[in-house]
Number of protein chains: 4
Amino acid sequence: MLATIEQTVQPHIGSGKVADYIPALAAVDPNQFGMAVALKDGSVHCLGDAAKPFSIQSISKVFTLSMTLRLMGAELWKRVGREPSGSGFNSIVQLEYECGIPRNPLINAGAIVVTDHLVNDGDCDTMIDQLVARLRHLAQDEAIAIDDEVARSEAAAGARNRALANFMASYGNMTNPVEDTLSAYFRHCAIAMSCRQLARAALYLAFDGCDPVTGEQIITSSNCRRINAVMMTCGHYDNSGDFAFRIGLPGKSGVGGGILVIAPTFGAIAVWSPGLNDAGTSTVGSIALESLVEQTGWSVFV
Amino acid sequence: MLATIEQTVQPHIGSGKVADYIPALAAVDPNQFGMAVALKDGSVHCLGDAAKPFSIQSISKVFTLSMTLRLMGAELWKRVGREPSGSGFNSIVQLEYECGIPRNPLINAGAIVVTDHLVNDGDCDTMIDQLVARLRHLAQDEAIAIDDEVARSEAAAGARNRALANFMASYGNMTNPVEDTLSAYFRHCAIAMSCRQLARAALYLAFDGCDPVTGEQIITSSNCRRINAVMMTCGHYDNSGDFAFRIGLPGKSGVGGGILVIAPTFGAIAVWSPGLNDAGTSTVGSIALESLVEQTGWSVFV
Amino acid sequence: MLATIEQTVQPHIGSGKVADYIPALAAVDPNQFGMAVALKDGSVHCLGDAAKPFSIQSISKVFTLSMTLRLMGAELWKRVGREPSGSGFNSIVQLEYECGIPRNPLINAGAIVVTDHLVNDGDCDTMIDQLVARLRHLAQDEAIAIDDEVARSEAAAGARNRALANFMASYGNMTNPVEDTLSAYFRHCAIAMSCRQLARAALYLAFDGCDPVTGEQIITSSNCRRINAVMMTCGHYDNSGDFAFRIGLPGKSGVGGGILVIAPTFGAIAVWSPGLNDAGTSTVGSIALESLVEQTGWSVFV
Amino acid sequence: MLATIEQTVQPHIGSGKVADYIPALAAVDPNQFGMAVALKDGSVHCLGDAAKPFSIQSISKVFTLSMTLRLMGAELWKRVGREPSGSGFNSIVQLEYECGIPRNPLINAGAIVVTDHLVNDGDCDTMIDQLVARLRHLAQDEAIAIDDEVARSEAAAGARNRALANFMASYGNMTNPVEDTLSAYFRHCAIAMSCRQLARAALYLAFDGCDPVTGEQIITSSNCRRINAVMMTCGHYDNSGDFAFRIGLPGKSGVGGGILVIAPTFGAIAVWSPGLNDAGTSTVGSIALESLVEQTGWSVFV
């Protein structure tokens, strides 16, 4: 199966446009491609640059959402919705029409609220330390870390996210000082992980919240299904409908070129290739996932 | 299972608000509830008023979409998108921002385009006759028919849909005379079916496009998955994310109080109760479906 | 003064883009230019093609507004606002956000409401006859008439206006059958007048509602000021601010290439040249008006 | 004349709602009313609390605009438009649709750009000092100063303006550090002036840019007319059309309850009463201005 995927993506390697809003991302070699498929037995099947760390960016939103639901429960849903936005990843229009409540936790505004909620009355550094520790535990790999250069660049280039956060603050939907929450947000977006680490870390989302290898119940079955539902309807900004149409699995893409996809009862898949399509999703990554789904029949819509 | 559902919904019967934009719907007794679950072997398990015909309204959009994809193929996607709209069922705002291309085939504007595409260079009466014949065939029940009074009322109260259709016409996205297409649209929304008929007619959508009883391949596996994907992300207007979050199955609701839900590899479920929530989805129907999913574990996100 | 204007516009004659949404307008020779300045003593000073009739299009909205305020009074303002729209002449977005109440009487939606209000419980033909009679009286010229070919073309190409009218009808803001009101609307937009006729007919708007030649009080002083105010803030769709900035006089432009401008206490000016700028205002006409204002100092902002 | 105005407003004193977004404004006694009319000869006719300083808030935008056009010329118009916004004073929606270019210099976003442009490569403190010095010179009164408590409160409660500024920065439409520009913006909004000072300081705007007493040409005739035009079409946010309709003079309102109005060739009028209508304009101030215009006939639309 992986061999077929490799053949399928080969002619496309390097296509798409690498994110260039910060130097650290703009400098990434577009001719890279990696894929990892983690299965129930804990085996992780790899292709290409699957062991190479990349900036997971918005994929981190899935883990902050999961951690928030686990630690703080359903209170979150008073501050953020769970509907597709019908607009771009950093749109502010909807926030004005809906009084500072972002549409869902996977667009920037929503993820900032999730981060703010997670910090709660603790401090940002502790929260970020806990998140990284959690990811190391989930991936069973201590090598996961924040890319400090990316984090600094994000903060320096963060005017749009600063606008979103201040806008929500003006509606009373920020509990911590705006710059504190943004500092945590920029750092978790700057976490670097490999496909192998990512697929392994997310495996519990394919098994109703339970890590199938360790047997640890990471989150409740109910919250696991909900996270998958939100990924399905909102995981790719204003391209979510098309992703569901073509791939048929819940997933989350990041502008670093990574895509995380969950195949319930089967496993978790991470793919990475830096070139993006117009919607900000990895071009080659999408092709690889289409090939995977075609071969495995892992659509949830069968 | 059905007994538990019956107990669960009992205290809620009559809640919600019956659609009142036309007299024929406003006059419906809110204290009705029916449910039917069609399984792979063709058995249909019924509860309450499952045999009573009701106005399927927007649920008809699933069948016109399916028929269009079967007869005309992927050309449709040049005229309509497949993204959630992020706005109400009859919103015209998005059409102006996106040059007359509706966001998806399950909002009013998109369904009007589907109908227009399906009429093609034939005539509306023939198209409607074929649709009704198709539904009778799928449900294996000759008793399905259009409620002429509802159809006439829809046409008389159809200013908003007339605005949508003319607006799209002004962008060149209507091929037939606007009133012809609308006439067909109003009639297919006025089809009356029972829960039993509806669940049976949609059974093929749970089995990759193949009727599991007759073995007839109604549509391709690929198109079947796509229809389910569109139902999942767009089936309940601006409430689709919440429906996926709570129920976890692709579905389509109608203002007549019906909801059709597909549980891939398991079966098709139709539920009906006229009282609607603020988003235009049956209040009691939603409760019944939550109970069903809780008992069966039929979420696609497990 | 007129000689200087003639020299100023000469190099620009033919620039801009002629309206092409209906054949009758698309066929107009762009190399035409006319201007007429009507003064307090009734003298009308002319330049170029000032005696040639052209399609006044949206300039007719000033006269239907004036007639409605005269005959029906302030009731109109319950159905239409008097704020600039911040969007294009035929935008429907604002109507959805503001429940079918158009922003002002000089955008298409608002002018359709004015026409609908003016028809009242009479019939459209009578209303149109009265309007034409009124214009003949005001211009003291019996040669004014509707261009039937243009009226028919407008009706045939009227999908967008049909969408606006039906949309407002869906909010209860149409009292007559939509097609009746539109029929009247398309006809008054198709009135043909020359610059000479137009300037003379509008002279009363420069003298607090009183025709300075005949002494007839056409409308109240108060309503006259209000019409001028609405022209100033809303007369050129989403280009009104720029027109006020550059010309400094209340005015109304039409896609036929005409512009009517009022210089309070001085006179009324009509200019015509078919080529339009991006905002739908006559390119050469605007240049001529800038030259006029520069020479005369007729800005209201002095 | 002033006696009649006094009688007219008397029963309304105290009506409207005092701005309460910062304590310093919320604490203002609503039962205050002042008015000053400055005429060509330099005489200033006063009524009520005309000598009492109040927070001029957005009225300062007129003076920063004037100063910017005087010092930096037409370059400003590359960074800000001159069209009515069709939305509220602090709306961010338009900025997203129009790529960070605010619609006009009198809404918050536009005024922030003006301030940013005025600071240029100098520093904020110098710019603010120059502005205050300029106002003292124009009003011929050294007692004008910034209310530091208001300035600090504005900065503390400035999340919405911070969002606007950062949003524009993300489109490259800020040249100074966001917080620097905002610091200057919050301070000029916190300038305290009396009606008497305000009317005198703005007198040049009624006389084509020339102070009629000193003979000093403050700005060019052309820029003076343009400022008046922008005040007419944009001076009261989404209430500008109605203000033109009712008052018929260019003006600018502030949430401190002040309104500045220009009567070209006659004089400048300042009115103050803290209670605001829904659009954020002084309720009693508007009534006073209507009475003034009725008595004097000072509408520009006569």
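The values are calculated or read from the model by the stated rules, or taken from the named source; none is laboratory data. Everything numeric here is computed off the predicted structure, so don't read it as measured data. Cβ placement follows ideal geometry from the backbone for every residue including glycine, while neighbour counts extend to all protein chains displayed. With ligands, DNA and RNA removed, areas are computed over all heavy atoms of the protein, side chains included. Shrake-Rupley method; radii C 1.70, N 1.55, O 1.52, S 1.80 Å.
Observations on the model:
- Farthest toward the positive end of the dipole of chain A, out of A:ALA26, A:SER60, A:HIS188, is the Cα of A:SER60, where the dipole comes from beta carbon charges about the Cα centre.
- Local electrostatic count, C:PHE63, Cβ distance below 11 Å [Lys/Arg +1, Asp/Glu -1]: +4
- Take each residue of peptide B:248-254, count the partner chain Cβ atoms within 10 Å of its Cβ, and average: the result is 2.
- Each residue of the protein assembly as shown gets 180 Å³ once the volume of the Cα convex hull is shared out per residue.
- Restriction of the GluC sites (Glu not before Pro) in the range A:196-302 to DSSP coil positions whose beta-carbon has at most 11 other beta-carbons within 10 angstrom yields no sites.
- Cβ charges +1 (Lys, Arg) and -1 (Asp, Glu), total dipole of the protein assembly as shown, debye: 0
- Distance between the modelled labels on D:GLU142 and C:VAL132, one decimal in nanometres: 7.4 nm (7 Å Cα→Cβ projection).
- Helix A:221-234 vs. chain A, principal-axis angle (Cα, 0 to 90°, nearest 10): 90
- Carbon/sulfur fraction of accessible area - chain B, other protein chains in place, 1.4 Å, %: 50
- Using a Gaussian network model of chain D in which every pair of alpha carbons under 10 angstrom is joined by a spring, one finds that among D:GLY267, D:GLY73, D:GLY158 the greatest mean-square fluctuation is at D:GLY73.
- Angle between chain D longest axis and helix D:178-189 axis [Cα atoms, degrees, rounded to 10]: 10
- Most mobile listed residue (D:GLN197, D:GLN32, D:GLN57) in chain D, GNM with C-alpha springs under 10 Å: D:GLN32
- Interchain or long-range residues, amide H under 5 Å from C:ALA145's placed H: C:ALA192
- Of the chymotrypsin sites (Phe, Trp or Tyr not before Pro) found in the range A:169-200, the ones in coil according to DSSP and having at most 16 other Cβ atoms within 10 Å of their Cβ are A:TYR171.
- Axis-proximal residue of chain C for the rotation onto chain A, reported as residue and distance in whole Å: C:TYR97, 4, based on Cβ position.
- Sorted from nearest, the other copies put their A:ASP129 label points 4.6, 7.8, 9.0 nm away, the label point being 7 Å from Cα in the direction of Cβ.
- Taking the C-alpha atoms only, the angle from helix B:60-72 to the longest principal axis of chain B is near 60 degrees.
- For the range A:190-223, residues shielded by at least 20 square angstrom of accessible area compared with the chain on its own, probe 1.4 Å: A:ASP208
- Diffusion coefficient, µm² s⁻¹, Stokes-Einstein with Kirkwood Rh over alpha-carbon pairs of the range A:2-296 at 20 °C and 1.002 mPa s: 115
- The coefficient of translational diffusion for the range A:10-75, derived via Stokes-Einstein from the alpha carbon Kirkwood radius under 10 °C and 1.306 mPa s, stands at 107 µm²/s.
- A label point on A:THR4, set 7 Å along the Cα-to-Cβ line, lies at 3.9, 8.1, 9.0 nm from each of its counterparts in the other copies, closest listed first.
- Shortest-first nm distances, A:ASP41 label point to equivalent points in other copies (7 Å, Cα→Cβ): 3.4, 10.4, 10.6
- Using 0.36 nm per residue and subtracting the Cα-Cα separation, the extra length available between A:ASP20 and A:LYS78 on full extension is 17.4 nm.
- The C-D contact accounts for approximately 2800 Å² of buried accessible area, totalled over both chains at a 1.4 Å probe radius.
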